[in-house]
Each structure stands twice: as structure tokens, then as C-alpha cells.
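The values are calculated or read from the model by the stated rules, or taken from the named source; none is laboratory data. Computed from a predicted structure; not experimentally measured. In this analysis, Cβ positions are derived from the backbone assuming ideal geometry, glycine residues included, and neighbour counts consider all displayed protein chains. Ligands, DNA and RNA are excluded from the accessible area calculation, which covers all protein heavy atoms including side chains. Shrake-Rupley method; radii C 1.70, N 1.55, O 1.52, S 1.80 Å.
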Amino acid sequence: MDKVLAGIPRWPDENVLIGFETADDAGVYKLTAELALVQTVDFFTPIVDDAYTFGAIAAANALSDVYAMGGRPLSALSIVAFPAKGDADELVAILKGGAEKMREAGCAILGGHSVADEEIKFGYAVTGAIHPQRIMANAGARAGDALLFTKRLGTGVIATALKRGMAAAEHVEAAIGSMLELNRKACEEMLRFETHGCTDVTGFGLLGHAREMALASGVTLEIEAARLRFLPGALDYARAGATPAGLRNNREFAGCAVRLPAELPREMEDLLYDPQTSGGLLISMAESGAAEFERALEGAYRIGRAVAREEKAIRVI
């Protein structure tokens with residue numbers, strides 16, 4: 001995709017505050033000196049069996065990009081691909097799940113678009129509001145910042161284990177609970193502190209999104225493997241080989257920018273590249289506020305720091 005985007009024509013517009021140049025989570029367009037729009041779109045195929053839950057997870061995932069920018073979701077348009085002869089009740093359940101999660105976020109659904117497709121896909125285009133001077137771009141990380149993360153890793157591996165009939169019910173339930181959790185509270189809390197940069201960790205995995213933040217910011221991100229937290233069962237499923245295709249793609253995409261310790265267990269390395277759905281926020285924050293942020297937000301934890309740029313964009317220790 002980097003090669004494709006490089007060939008897309010661009011033209012100057014002083015109101016475009018965030019475009020696609022730094023692979024940020026959303027675009028930002030300034031309307032006035034005090035108001036800008038945050039715009040994003042995200043949709044995917046089912047990752048859980050229950051249609052209602054799938055719809056809710058898709059909504060939480062789409063909303064996450066707005067929260068990652070420090071914005072407040074306002075409205076959404078649904079995107080639906082569904083078989084022409086599919087079960088209408090299943091589609092109703094998907095839409096209901098998404099609508100309830102949007103209501104929880106205070107985000108109005110204005111309509112949407114659907115196409116007939118044998119493979120089900122669902123998601124939203126979301127518009128939010130933000131102050132032009134309060135944007136949490138992925139390019140803001142500074143050397144000396146603490147790196148914090150707000151959720152556990154492993155949703156991709158657990159979803160793959162579910163598809164293969166390997167996953168325990170309690171592990172699936174824990175993963176679903178994580179994916180259903182909005183990043184709204186994490187967004188609200190980080191805005192109380194001296195936060196310099198943020199990105200949400202989704203399809204490119206922790207190292208893929210960390211790579212984008214490091215390159216955009218001109219720093220190296222040092223990640224301490226021992227500090228990382230994983231969803232229940234994730235390490236066991238990774239060890240058993242339940243690795244999604246996206247994980248391998250992420251390793252090919254980001255691996256050249258990463259220095260890993262030789263002693264790092266393979267299953268832990270896999271989870272660093274594991275594609276997440278509705279994952280947590282990766283936050284680069286002034287050291288002075290990091291400990292208080294951890295106390296203020298349940299589930300938030302330090303995973304490393306930003307340092308002056310080295311040969312590799314990411315260094316795992």
C-alpha cells in the first residue's frame with residue numbers, strides 16, 4: 001500500500017492538518033480556528049460467531065481511530081457487504097450490534113451503503129470533532145517520552161484459534177470483552193496529561209503501528225518485552241501455531257525496522273506482530289505524567305520509552 005499511495009496525486013490545502021502522508025489513524029480537516037473534523041473508515045469480515053457481537057466490535061474498532069487522534073465521535077455511516085440470499089435476521093443482528101455500540105459512544109448513525117457480496121463485511125465511516133491544536137498525531141513522539149499501552153495483546157491469535165476449534169470459551173470471552181471496550185476513557189484520560197503522540201494498535205499489530213509512529217516522529221521506540229501483557233490463552237495459542245495470515249504479513253512489513261533480542265520466545269515475537277481488532281492506544285507521553293496516567297486508567301501500563309533515533313525504528317529489549 002505504501003507503493004500505491006506514493007503514486008496518488010496530492011495538492012496543497014492549508015486546511016488539511018493530517019493527511020495520508022504519515023499513515024496516521026485518521027484524517028483531520030480544519031473548519032475554523034477552534035474546530036476541525038476527524039474522518040476515518042474501517043470495515044472487515046466477521047471474527048466471532050455471534051452476529052450482534054460482530055457488529056458491536058466493528059463499531060468499536062471504527063470509533064477507535066477518532067479516539068486515537070484525541071477526537072470526539074459525532075456521526076457515522078455504515079458500510080455493509082452481505083450475500084443477496086443471506087439470512088436477513090443475521091444482518092439485522094449485525095446492524096443492531098453496531099448501533100448499540102455507536103449509541104454508547106454518543107455517535108449518531110446517519111445512514112450508510114450496502115452491496116451484495118458472498119463474503120460478509122461490516123464497518124463504519126466515522127466523523128468526529130477536535131480542536132486543531134489538540135490533535136494527537138502519530139508523529140508527535142519525543143525522545144524521553146514514556147510509552148504506554150491500554151489493552152492486552154492477542155485478539156488475532158485467539159480469533160484464529162476460535163476458527164480452528166482450539167479456543168477455550170473463557171479465552172474467547174476475554175478477547176471479546178477487550179474488543180468491545182471503547183477507547184473513549186483512554187482518550188479522555190490521555191488528554192489530561194502532556195501527551196505528545198498516539199496511535200491505536202489494530203491490523204498492523206503492535207510493532208507495525210509502533211513502526212509508523214517511530215518513523216513519523218523521527219525517534220526509536222524501545223519496547224520492554226517483559227512489560228507486555230497478553231490476553232488469557234494468547235501465548236499458548238501462538239505456541240500451538242494459531243497464527244493468522246495477517247501476522248505473517250505484518251512481520252514482512254515491519255520486520256526490517258525492528259531489532260529483536262535473540263532470546264525472545266517465538267510465541268512472544270508472534271504476538272508483537274499479531275493483528276489486533278479494536279486494540280488499545282499506544283501513547284507517547286511526557287515522563288512526568290506516566291505514573292499518574294497508569295493509576296488513573298485501569299488496564300493502562302508502561303511498555304517502554306522513546307529515544308533518539310537509532311539504526312532501527314523499533315528496539316525490543
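Assorted remarks:
- Vicinal HN-Hα couplings computed from phi for the stretch 92-97 (Karplus, 6.51 cos²θ - 1.76 cosθ + 1.60; Hz; Gly/Pro x): 4, 5, 4, 5, 5, x
- Prolate/oblate/rounded label for the stretch 256-317 (Cα gyration tensor, a/c 1.5): oblate
- Charge sum, other residues only, whose C-beta stays under 14 Å from I314's C-beta, Lys/Arg counted +1 and Asp/Glu -1: +1
- In the chain, the portion of solvent-accessible area held by carbon and sulfur atoms comes to 52 percent [1.4 Å probe, whole percent, DNA, RNA and ligands not counted].
- Close amide-amide hydrogen proximity is noted between T277 and T155, G156, each under 5 Å apart and 5 or more residues distant or on a separate chain (H modeled in the peptide plane; Pro and chain starts excluded).
- Taking 18 Å as the cut-off, the amide N atoms of the stretch 130-162 that come nearer than this to a point 7 Å along the Cα-to-beta-carbon line of E34 belong to 130-135.
- Once the C-beta distance of A296 and L77 is scaled by a Förster radius of 30 Å, the resulting FRET efficiency is 0.35 to the nearest 0.05.
- Per residue, the solvent-accessible area of the chain (1.4 Å probe, heavy atoms of protein chains only, all protein chains present) comes to 45 Å².
- Long-range lysine pairs (8 or more apart or interchain), the chain, Cα under 18 Å: 6
- Computed from label points 7 Å out along Cα-Cβ, the spacing between V115 and E188 is 3.8 nm.
- Förster radius 35 Å - calculated FRET efficiency between D50 and R227, Cβ distance, rounded to 0.05: 0.60
- The three principal axes of the C-alpha atoms in the chain carry coordinate ranges of 56, 53, 43 Å, sorted with the longest axis first.
- Using the Cβ-Cβ distance between R259 and S288 with R0 set to 22 Å, the FRET efficiency works out to roughly 0.20.
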